[in-house]
Amino acid sequence: MNTFIWLIGGILATLTISILFLQIFSNMTVEKHRQDSIKSLDEIANKVNTFCMMNVNQSSEISLTFSSLVSNIFAVFNGNITEKNNRTLGNQICMNISNEIYCSKKLNCQIEVDKFASKKTIPSLIDKILGKIAYRDYRLNFIKTKCGVSILLKGSKPICGCSLKDIEVPIYCEYNGKQPILLLKNNVILLADTYNWINVGNETETLLNNIADYLGGKRILLVFEENITNPEEADRKNILDKLKLRGYNIDIRRHDSKITNFEDYDQIWLITPGFCDEATRNCQKYKRWHRDEINEIIKFVKNGGSLLLITDSGMRKAVYERVGLEVINKILRGVDFPFDQIQSCVCACREEEIQKSSIENHELTKNLSEFDVNAAGVFRCRYQYYSPETFT
């Protein structure tokens, strides 16, 4: 009897030790697979950062190994997943390994990532049924685009583009093609030239009346910086007084202090915001724009408020004066305009030159027979990753 007990005890002890050994071995195997997969993901991140500095269309194909424990590899932007056309977009590369999310540090440019580790294959399904852990090899093509870096499987193509969807251009000038002067997207109007604001004429009054009516609401906040754009100048004041007689309430503010009450208005008119960041501009009592103000303007627009943004190239009598574009471009990006203003000039940039614009039929151009341009601002398309059906 004692011999039997000892025999059973020996068997149980052996089984316990074997189970513990297998558990330890399994844990070691899982950890090795985890570390190997992290190493491969970090290799992708390093490769991306290298490609961010390369020329457009440069490419390279590499082979990387990930554990079958990895159920998904994807991109995120500020922790959020944006998926389009079976690809994820963002500025970090992440993976899900055994229900644990591991992400790289923020990358030096935007990425799009094909779905590859999440695709089910017959070998992967067999391994899953048998409870086996295996390695999977993937050949990935890294391609530098205008948008950033594409990480794609063989045969896939980048989906980088510039979407001009929903952009209307009621006024433009001809210079190596159509150059936009007045642009509209939803509740945001962008005027690329201050000539008609500074040199007031009948077309100035007509356009401003059309803009005020189009944007809707009667409460307008007008913010300016430069002395040359001061709304209190006689001719400009006369136009604004006529708007007031039509029932508009117009508050005028020089940007000499932080503005916090944008939500009190239906429309915000910004005249060359941020231009006074350049010391060469003729400004006084200027307060640099705070990021909170810019964020509040963007929030105002996204909540249904209307915005008129007037900018310019900075060209004066054939002499180019640098202008601060940081504020304007932050606003343009925040309200989803697909381009940035660049330091350049277009249409009538030579001294004393004036160019007639082309005018399309639109609510904003009602009763507008002509519109002169003198050295308008220039915009460059901001390329982004889209699904193929959404960009032109």
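Is segment 193-214 home to any residue that is within 21 Å of G334 (Cβ to Cβ) and within 26 Å of the chain's Cα centre (by Cα)? No: zero hits. Beta carbons closer than 9 Å, at least 6 apart along the sequence or on distinct chains, pair a first residue in segment 206-220 that is under 16 Å from D251 (Cα atoms) and part of a strand (DSSP E or B) with a second that is of a type in the set (F, W, Y) and at pLDDT 95 or above for R219/Y248; R219/Y265; I220/Y248; I220/Y265; I220/W269.
Considering only residues that are modelled with pLDDT of 90 or more and in contact with a Pro (Cβ under 6 Å, 6 or more places away or on another chain), which ones fall in segment 337-392? Of everything in segment 337-392, those that are modelled with pLDDT of 90 or more and in contact with a Pro (Cβ under 6 Å, 6 or more places away or on another chain) turn out to be E360, H362, L364, T365. A single member of I250, I239, I259 is touching a Leu at 6+ places or on another chain (Cβ under 9 Å) and part of a loop (DSSP other than H, G, I, E, B), and it is I259.
The listed residues are L222, L215, L245, L240, and the only one of them that is more than 19 Å from E326 (Cβ to Cβ) and touching a Phe, Trp or Tyr at 6+ places or on another chain (Cβ under 6 Å) turns out to be L222.
The set of residues in segment 43-75 being closer than 20 Å to C103 by Cβ and within 25 Å of the chain's Cα centre (by Cα) consists of I44, A45, N46, K47, V48, N49, T50, F51, C52, I73, F74, A75. Whenever a residue of segment 328-344 is assigned by TED's automatic domain parsing to the domain that holds L308 and outside any helix (DSSP H, G or I), its partners that are of a type in the set (G, A, S) and buried (at least 19 other Cβ atoms within 10 Å of the Cβ), lying with C-beta atoms within less than 6 angstrom and at least six residues away or across chains, give the pairs Q341/G377.
Do we find a residue being among the polar types (S, T, N, Q) and modelled with pLDDT of 95 or more anywhere in segment 262-270? Yes, there is a match, as at least one residue in segment 262-270 is among the polar types (S, T, N, Q) and modelled with pLDDT of 95 or more.
Okay, residues lined up against (1) surrounded by fewer than 18 Cβ atoms within 10 Å (Cβ to Cβ); (2) of a type in the set (D, E, K, R); (3) in the same structural domain as K302 (by TED's automatic domain parsing):
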| site | (1), (2), (3) |
| --- | --- |
| D235 | yes, yes, yes |
| D241 | yes, yes, yes |
| Y248 | no, no, yes |
| I252 | yes, no, yes |
| D256 | yes, yes, yes |
| Q267 | no, no, yes |
| L270 | no, no, yes |
| G274 | no, no, yes |
| D277 | no, yes, yes |
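Among strands (runs of 3 or more DSSP E) entirely within segment 1-85, having at least 3 residues that are loosely packed, with under 14 Cβ neighbours inside 10 Å, modelled with pLDDT of 90 or more and not assigned by TED's automatic domain parsing to the domain that holds C147 singles out no element at all.
The values are calculated or read from the model by the stated rules, or taken from the named source; none is laboratory data. Not measured: the values here are computed from a predicted model. Because the Cβ atoms are built from the backbone with ideal geometry, glycine has one as well, and the counts that use them run over all protein chains shown.
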